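*Asks:* Take a look at the following structure, please.
The values are calculated or read from the model by the stated rules, or taken from the named source; none is laboratory data. Every value quoted in this text rests on a predicted model; they were computed, and no experiment measured them. Backbone-built Cβ (ideal geometry, glycine too); neighbour counts: all protein chains shown. SASA here: full protein model, heavy atoms, side chains in, ligands and nucleic acids out. Shrake-Rupley method; radii C 1.70, N 1.55, O 1.52, S 1.80 Å.
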Amino acid sequence: MSPSRFTDDSVPETGIRKLFTTTGHWQRWLDVEAALALAEADAGVVPPDAAEAIAAAARLEELDKRRIRAGIAATGHPLMPLITELSRVLGDDYGGWVHWGATTQNITQTGDALLLRDAHQRLLALLGRVLAAAGDLAGRGAEMPMAGRTHGQHAVPVTFGFKAAVWIDELLRHVARLRRCEPAVFVAMLGGAVGTHAALGADGPRVQARLAERLGLWPMDVPARSASDGLAEYVCVLAMLGGTGGKIGRELYSLMQTEYGEVLEPALPGDVGSSTMPHKRNPKLSQDMMTISAQIRALVPQALEAMHQDHEADGAYTAMLDDAVGRACVLAGDQLARLAVVLEGLELDPERMRANLDLTGGLIVSEAVMLALGKVIGRQEAHRVVSEAAHRAAAGEGTFAALLDTDPRVTTYLTAGDLAALLDPTRHLGLSAELARAGAQRARAAVQGSWEVSPAASTSAWTSVISSP
């Protein structure tokens with residue numbers, strides 16, 4: 001699952017792809033079978049010695065994987081051969097207690113929740129790296145003036161740190177969204193065939209609660225097999241996170257263009273930009289982030305379609321959702337790894353930023369002139385006067401400064417010294433530096449917060465940290 005033509009060797013391995021393997025799923029399903037037996041023993045449903053034997057044997061290295069694969073090939077069932085092999089290893093005394101009162105999806109979905117939690121923890125760790133790097137950029141660039149651009153055109157001056165603070169703001173909201181998803185995503189399901197606790201009866205809710213506690217998950221209020229909104233939401237949140245990563249990649253891609261030249265993503269050891277143009281230093285990782293963003297976002301319709309479960313369960317839609325979740329996690333990890341590398345090694349060129357800031361000969365601060373003039377002649381009239389000078393300057397009739405300095409509608413109220421100050425773009429940065437430093441502080445506070453994922457961990461304090469000004 002390579003996100004682009006660039007190999008994963010160019011960025012740190014996230015470990016997420018390795019989670020979603022056949023053997024990875026098998027071991028997590030075995031972990032659930034072990035926890036289930038122990039939870040049922042706690043509730044007096046399964047003999048304690050049987051539960052302990054099941055828990056001790058539920059390790060993939062203790063089982064014959066060839067038998068399991070042969071069983072899957074023969075039965076077409078993803079879990080039953082694993083149960084059969086575990087029961088065989090346990091023998092007649094204890095094998096009959098394996099999988100007691102459960103149905104396949106109870107085990108597979110709960111086990112996959114454990115895998116997903118591992119992936120989630122890695123994603124949060126990568127986000128921590130990204131936020132730390134973005135915070136550093138916001139601090140370093142807090143007072144580094146550059147052209148702000150809207151609709152692809154010069155707007156008013158900003159600082160690079162302000163730009164990084166915008167990224168931080170979005171990323172922190174994505175972290176908060178991911179944390180809010182946890183109780184709906186990392187759940188233990190044990191309701192039997194359709195979710196009614198028919199097999200375990202009154203013991204069912206108690207066993208499910210104990211199973212969840214043993215696995216560090218949340219119990220489902222209604223353990224329905226057709227409830228898939230939590231996982232669908234998770235894919236949507238990862239797609240939104242991917243959207244921000246793609247946006248940052250696209251912006252850096254633009255700023256690296258020769259005509260801008262304001263930043264450079266880090267050059268990797270031995271990097272070759274082009275097979276025929278030795279001078280090329282291409283935005284490879286930024287392009288990757290844009291590509292991956294599109295790939296994650298394309299999974300959202302699949303995840304939402306998978307919510308259309310038929311009656312109490314539909315295996316086709318469950319498989320569709322599992323595929324979307326796994327791919328979204330791998331792609332999100334790939335993108336965040338690239339984003340971390342880029343932001344940690346991003347090269348800034350403040351001289352080029354300043355040169356670009358002066359490209360329009362002061363037009364970028366026309367707002368400052370208009371507001372100063374508007375205080376005495378009214379905003380609308382000031383807008384008309386300054387706009388006229390701007391259009392004449394653009395037509396080559398003179399410089400913006402000269403046209404203003406020879407217009408009596410301006411000079412009656414503003415001196416040459418006033419105009420010189422107003423046309424200095426570094427004086428019209430607003431609160432760029434303050435917002436950048438605040439963003440850097442929020443990023444640092446978030447990175448230092450709690451990242452534990454379990455029902456026992458309180459996320460409210462962490463969320464309040466990232467929401468504070």
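*Asks:* Past the 30 Å Cα-Cα mark, which pairs from Lys163/Lys280; Lys18/Lys65; Lys18/Lys280; Lys247/Lys375?
*Replies:* Lys18/Lys280; Lys247/Lys375, as the Cα separations exceed 30 Å there.
*Asks:* Also, I was wondering about something else. Divide the volume of the convex hull of the Cα atoms of the chain by its number of residues and quote the answer in cubic angstrom per residue.
*Replies:* In the chain, the Cα convex hull volume per residue is 183 Å³.
*Asks:* Using a ≥ b ≥ c from the Cα gyration tensor of the stretch 336-386 (square roots of the eigenvalues), is it rounded, prolate or oblate, where a/c under 1.5 gives rounded and otherwise the larger of a/b and b/c decides, a/b for prolate?
*Replies:* prolate
*Asks:* Also: Give me the percent of the accessible area of the chain that comes from carbon and sulfur atoms, probe 1.4 Å, all protein chains in place.
*Replies:* 54
*Asks:* Share of Cα-Cα pairs in the stretch 44-124 beyond 20 Å, in percent?
*Replies:* Summing the P(r) of the stretch 44-124 above 20 Å gives 41 percent of all pairs.
*Asks:* Please work out the ratio of the alpha-carbon Rg of the stretch 213-259 to 2.2 N^0.38 Å and round it to two decimals.
*Replies:* That ratio works out to 2.00.
*Asks:* Residue by residue through the stretch 402-408, which ³J(HN,Hα) values in whole Hz follow from phi under the Karplus form 6.51 cos²θ - 1.76 cosθ + 1.60 (θ = phi - 60°), with glycine and proline marked x?
*Replies:* Rounded to whole hertz, the list is 5, 5, 5, 6, 10, 9, x.
*Asks:* Semi-axes of the equivalent ellipsoid for the stretch 180-329, please: Cα gyration tensor eigenvalues, times 5, square-rooted, ordered largest first, whole Å.
*Replies:* For the stretch 180-329, the semi-axes come out at 46, 15, 12 Å.
*Asks:* So, taking all protein chains as they sit and a 1.4 Å probe, how much accessible area belongs to Glu259, in Å² rounded to tens?
*Replies:* Roughly 130 Å² of Glu259 is accessible to a 1.4 Å probe.
*Asks:* Given the protein chains as shown and a 1.4 Å probe, how many square angstrom of Asp322 are accessible, to the nearest 10?
*Replies:* Only protein atoms counted, so the area is about 70 Å².
*Asks:* When the Karplus curve 6.51 cos²θ - 1.76 cosθ + 1.60 is applied with θ = phi - 60°, which whole-Hz ³J(HN,Hα) does each residue of the stretch 280-287 get, with x for Gly and Pro?
*Replies:* 5, 10, 7, x, 4, 5, 5, 4
*Asks:* In the stretch 165-262, if every C-alpha pair distance is counted and binned at 5 Å from zero, what percent goes to each bin?
*Replies:* Once binned at 5 Å, the Cα pair distances of the stretch 165-262 give 3, 12, 16, 14, 12, 9, 9, 7, 6, 4, 4, 2, 1, 1, 0.
*Asks:* Same structure again: Translational D (Stokes-Einstein, µm²/s) of the stretch 137-180 at 20 °C and 1.002 mPa s when Rh comes from the Kirkwood sum over C-alpha pairs?
*Replies:* My calculation gives 188 µm²/s for D.
*Asks:* Just check the stretch 385-450 against the gyration tensor rule for me: Cα atoms, a ≥ b ≥ c as the square roots of the eigenvalues, rounded for a/c under 1.5, and otherwise prolate or oblate depending on whether a/b exceeds b/c.
*Replies:* Prolate, since a/c reaches 1.5 and a/b exceeds b/c.
*Asks:* Another question, if that's okay. If amide hydrogens are placed 1.01 Å from N in the peptide plane, which non-local residues have theirs closer than 5 Å to the one on Val187?
*Replies:* Counting only residues 5 or more places away or on other chains, the set is Trp218.
*Asks:* Right, next: Once ligands and nucleic acids are excluded and a 1.4 Å probe is used, how much of His308 is accessible, expressed in Å² to the nearest 10?
*Replies:* 110
*Asks:* Also, I was wondering about something else. Apply the Kirkwood formula to the stretch 312-431: the hydrodynamic radius equals the inverse of the mean of 1/r over all pairs of different alpha-carbon atoms; give it in Å with one decimal.
*Replies:* One decimal place: 18.5 Å for the Kirkwood radius.
*Asks:* A follow-up question, please. Starting from the amide H of Arg149, placed 1.01 Å from N in the peptide plane, find each other amide H under 5 Å away whose residue is 5 or more places distant or on another chain.
*Replies:* Here the answer is Ala155, since their amide H atoms fall under 5 Å of that of Arg149.
*Asks:* Lys and Arg at +1, Asp and Glu at -1: add these up for the other residues within a Cβ distance under 14 Å of Asp136 and post the number.
*Replies:* Around Asp136, the surrounding residues sum to +4.
*Asks:* Moving on to the next point. Using θ = phi - 60° and the Karplus form 6.51 cos²θ - 1.76 cosθ + 1.60, what ³J(HN,Hα) does each residue of the stretch 355-366 get, whole Hz, x for Gly and Pro?
*Replies:* Calculated HN-Hα couplings, in order: 4, 5, 4, 8, 4, 8, x, x, 4, 5, 10, 4 Hz.
*Asks:* May I pose another question? With Cβ to Cβ distances under 15 Å as the rule, what net charge do the other residues near Ala421 carry (K, R +1; D, E -1)?
*Replies:* -2
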